[in-house]
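What follows is one structure encoded as structure tokens, with my remarks underneath.
The values are calculated or read from the model by the stated rules, or taken from the named source; none is laboratory data. Just so it is clear, the structure is predicted and the values come from calculations on it, not from any experiment. Please note: Cβ atoms are built from the backbone with ideal geometry, for glycine as well, and neighbour counts cover all protein chains shown.
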Amino acid sequence: MQILFGKRIADGVAVGLARFIEPLIISLPTHSLTEDQVEGELNSLDLALKAVEQDLNVLLEPKLVNQNEREILETHVQILQDPELYGYMTDAIKAKLFPAAKAVNEVFTYAINVFENIENELFRQRAADYKDVRDKLIKKILNDQSDRFADISEDHIPIMKEIDPSQASLLQRKHVRAIIVDSCSPTSHAAIICRALGIGLVSGVENLRNVAQNGECLIVDAEVGKVVVEPENEMLEYYAQRLQVEEMIRQKQLSQKRIPCQTKDGRRILLKANLGVSEELDAIADLGSDGIGLYRTEYLFISKDTLPDEESQLADYRNVLEKMAPNPVTIRTFDLGGDKLSHLISSLEEANPYLGNRGIRFSLSHPDLFKTQLRAILRASAFGKVQIMFPMIIDTQDFLEAKRLYNICKDELYAEGHEYDPDIPLGCMVEIPAAAICSDSLAKECDFLSIGTNDLAQYTLAVDRNGENVARYYIQHHPAVLKLILFTLSNAANHQTPVSLCGEMASIKEYVPLLIGMGITELSVNHAAYYQVKNIVQKCDAKLQNTIKLFTMDSPLVKVEELIYQTLKPYYSGNGR
Ligand code: PEP
Ligand code: MG
């Protein structure tokens, strides 16, 4: 037995047989065409483009793919239909006299290099989509029918150099439970698919290729990036038991699906989910939640090659609303700027992007882009229940300006004869200390508030939320943050304005009793933590409320930690995910 470690990319545990899958080796034609062969090669390119598109369209038939894969396959169709790429490929055939397969390879490889050299991680992962389409096209042109995955079954753990999105989908259809790759970015589409589908994914396992052989037994424990080669019986038994327990927990959670989320003393807590990328939608729709409390729409920009227009945004929002109906979806308008800036929008370089033209500020300084989004949301509201929320608000001024533009969009749509819900609740995020401090006036103007503790902690404590050097200062439960939450709750209560909390705090088990005890009645959590949070809420009682009421938030941090990690422990202990 040998225990090896790699990087955790997507959680999941599996026991299976090692199956090395070697990279696709295609020998490209190297000869130059004669003039009279050009027409024939242009023709094979067209036929291949059509055939690959047809294959993708077959997969896009409803029922064959889930929402996770649909988005990605649609992106691949867009790549195939890209007129610019087509122009470059036909030029390479006509002017350079390249055979079609070589032309595809040259043009796509150039695009792949461009993406791989973009600094932003989210764009770099686009390279995988182009590789995927390139390989499919070249295989079609060369009539290569080899299938490297033909004999893979649920008993196998594939080991590959890298993984592209369509391979992740394909392996999921073969019921594979874990995959090992030499390298993979945690934000790649393939990683996102694995995470959304519960497939364990580990990358860069040191020495694996020297230690493991095809057909040997492996245990993959992706949560800790562990791979065990030829495990001993004791280890196998431990994991068999663990898988059994996990299955029991899953069944128990499913049985909880229809039970509303309420505390032991009967307080109804609305428990919603956060939607980041559309790959998560199916899993979220399946939770039996009270809706989506935060839909981070900026991802519509970040992962696309073109700016999403009104129609394509409408299709996205409509799909989410219809999937979640009759429960509401809180769509947060683009939180662009900061590090979430699309390469598709030109903007000024900023010395402190997190303090710069981010969120609502960015939207208000790009009114056309903002109005396109508002129009799309309004039109989608005819198909489900929606709320609109604005990010990075500091006081009522930006909120009222956003509302003014929203009303203009409403008037325009009315004049154009479009249907929409005339009473969409408008709210704002409380994620900047100024917003919490001004929460009295905000609560008066807004239909609802949502506390974003990720940024609230960042801006209150002046700590970069992603900064490794200062991670020890990023204390979401710092009394300063908790006092701002309490202040917001009390101001909102004075105006009967509902408040939810959608930052990561809501998904961290140790914080759930604290938040419920502080009087929060709505949480929006990441879907992986959903049932765990629900379980903890169900354990909360009136005694908890009293304990928190008696606690003074002016206490030093150590006292707050004593409260969370000792006094409140019985409420969350024994609640593994
Ligand atoms: C937050 O800041 O808590 C929040 C939910 O928004 P995001 O994480 O998208 O910045
Ligand atoms: Mg935020």
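Observations, loosely collected:
- Flag set for K403, criterion: surrounded by 15 or more Cβ atoms within 10 Å (Cβ to Cβ), basic (K, R) and more than 16 Å from ligand 2 (Cβ to nearest atom).
- Here I3, I25 are screened, and the one residue that is β-branched (V, I, T) and without any contact (Cβ under 8 Å) to a residue 24 or more places away in the chain is I25.
Residue by residue, here is whether (1) more than 16 Å from ligand 2 (Cβ to nearest atom); (2) under 24 Å from V558 (Cβ atoms) holds:
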position	(1), (2)
K410	yes, no
A415	yes, no
Y420	yes, no
V430	no, no
R465	no, yes
N469	yes, yes
I475	yes, yes
I485	no, yes
T488	no, no
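- Qualifying residues in the stretch 296-336 (those that are modelled with pLDDT of 95 or more and within 13 Å of ligand 2 (Cβ to nearest atom)) - the one surrounded by the most Cβ atoms within 10 Å (Cβ to Cβ): R332
- Entirely in the stretch 15-103, the helices (runs of 4 or more DSSP H) that have 1 or more residues that are closer than 30 Å to A240 by Cβ and not aromatic (F, W, Y): 67-80
- Picking from residues in the stretch 497-523 that are charged (D, E, K, R) and within 16 Å of ligand 1 (Cβ to nearest atom), the one that is nearest to E431 (Cα to Cα) is E504.
- Filtering the stretch 314-337 to residues that are within 20 Å of I360 (Cα to Cα) and within 17 Å of the chain's Cα centre (by Cα) leaves Y317, V329, T330, I331, R332, T333, F334, D335, L336.
- In the set (1) modelled with pLDDT under 90; (2) hydrophobic (A, V, I, L, M, F, W, C); (3) in the same structural domain as E206 (by TED's automatic domain parsing), the condition left unmet by F115 is number (3).
- Restricting the stretch 410-441 to residues that are away from ligand 1 (no atom under 16 Å from the Cβ), in contact with a Phe, Trp or Tyr (Cβ under 9 Å, 6 or more places away or on another chain) and among the hydrophobic types (A, V, I, L, M, F, W, C), the residue that is farthest from R318 (Cα to Cα): I437
- Within the stretch 504-552, being polar (S, T, N, Q) and either crowded, with 18+ Cβ neighbours inside 10 Å or farther than 19 Å from N327 by Cα (or both) holds for S507, S524, N526, Q532, N535, Q538, Q545, N546, T547, T552.
- Qualifying residue in the stretch 459-480 (condition: within 12 Å of ligand 1 (Cβ to nearest atom) and among the basic types (K, R)): yes
- The C-beta contact set for the stretch 404-427 (first residue over 15 Å from F383 (Cα atoms) and assigned by TED's automatic domain parsing to the domain that holds F383, second residue modelled with pLDDT of 95 or more and assigned to a loop (DSSP other than H, G, I, E, B), distance under 6 angstrom, 6+ apart or interchain) comprises L413/Y420; P425/D447; L426/D447; G427/C446; G427/D447.
- Residues satisfying the stated conditions in the stretch 380-398, i.e. more than 16 Å from ligand 1 (Cβ to nearest atom) and either without any contact (Cβ under 8 Å) to a residue 24 or more places away in the chain or surrounded by 22 or more Cβ atoms within 10 Å (Cβ to Cβ) (or both): A380, S381, V386, Q397
- Residue check for S524: under 29 Å from the mean Cα position of the chain (by Cα) and closer than 22 Å to F487 by Cα: yes
- Of all residues in the stretch 527-577, those being under 20 Å from L484 (Cβ atoms) and among the acidic types (D, E) number 2.
- The criterion of at least 2 residues that are over 20 Å from Q545 (Cα atoms) is met by the following helices (runs of 4 or more DSSP H) wholly inside the stretch 420-520: 433-437, 439-445, 453-461.
Results for (1) in contact with a Lys or Arg (Cβ under 6 Å, 6 or more places away or on another chain); (2) surrounded by 13 or more Cβ atoms within 10 Å (Cβ to Cβ); (3) modelled with pLDDT of 90 or more; (4) assigned by TED's automatic domain parsing to the domain that holds K102, shown as yes or no for each residue.
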residue	(1), (2), (3), (4)
E39	no, no, yes, yes
A48	yes, yes, yes, yes
A51	yes, yes, yes, yes
L59	no, yes, no, yes
I79	no, yes, yes, yes
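- Test for V512: is it in contact with a helix residue (DSSP H, G or I) (Cβ under 9 Å, 6 or more places away or on another chain), within 16 Å of ligand 2 (Cβ to nearest atom), closer than 25 Å to Y295 by Cβ and in contact (Cβ under 8 Å) with a residue 12 or more places away in the chain: no
- In this entry, L456 passes the filter for residues that are assigned by TED's automatic domain parsing to the domain that holds A506, within 16 Å of ligand 2 (Cβ to nearest atom) and modelled with pLDDT of 95 or more.
- Residues located in the stretch 216-269, provided they are closer than 10 Å to V15 by Cα and either part of a helix (DSSP H, G or I) or not assigned by TED's automatic domain parsing to the domain that holds A191 (or both): L236, Y239, A240, L243
- Within the stretch 132-162, the residues that satisfy the criterion of being within 30 Å of I219 (Cα to Cα) and modelled with pLDDT under 90 are D132, S146, D147, R148, F149, A150, D151, E162.
- Among residues that are farther than 23 Å from Q167 by Cα, charged (D, E, K, R) and touching a helix residue (DSSP H, G or I) at 6+ places or on another chain (Cβ under 6 Å), E106 is not included.
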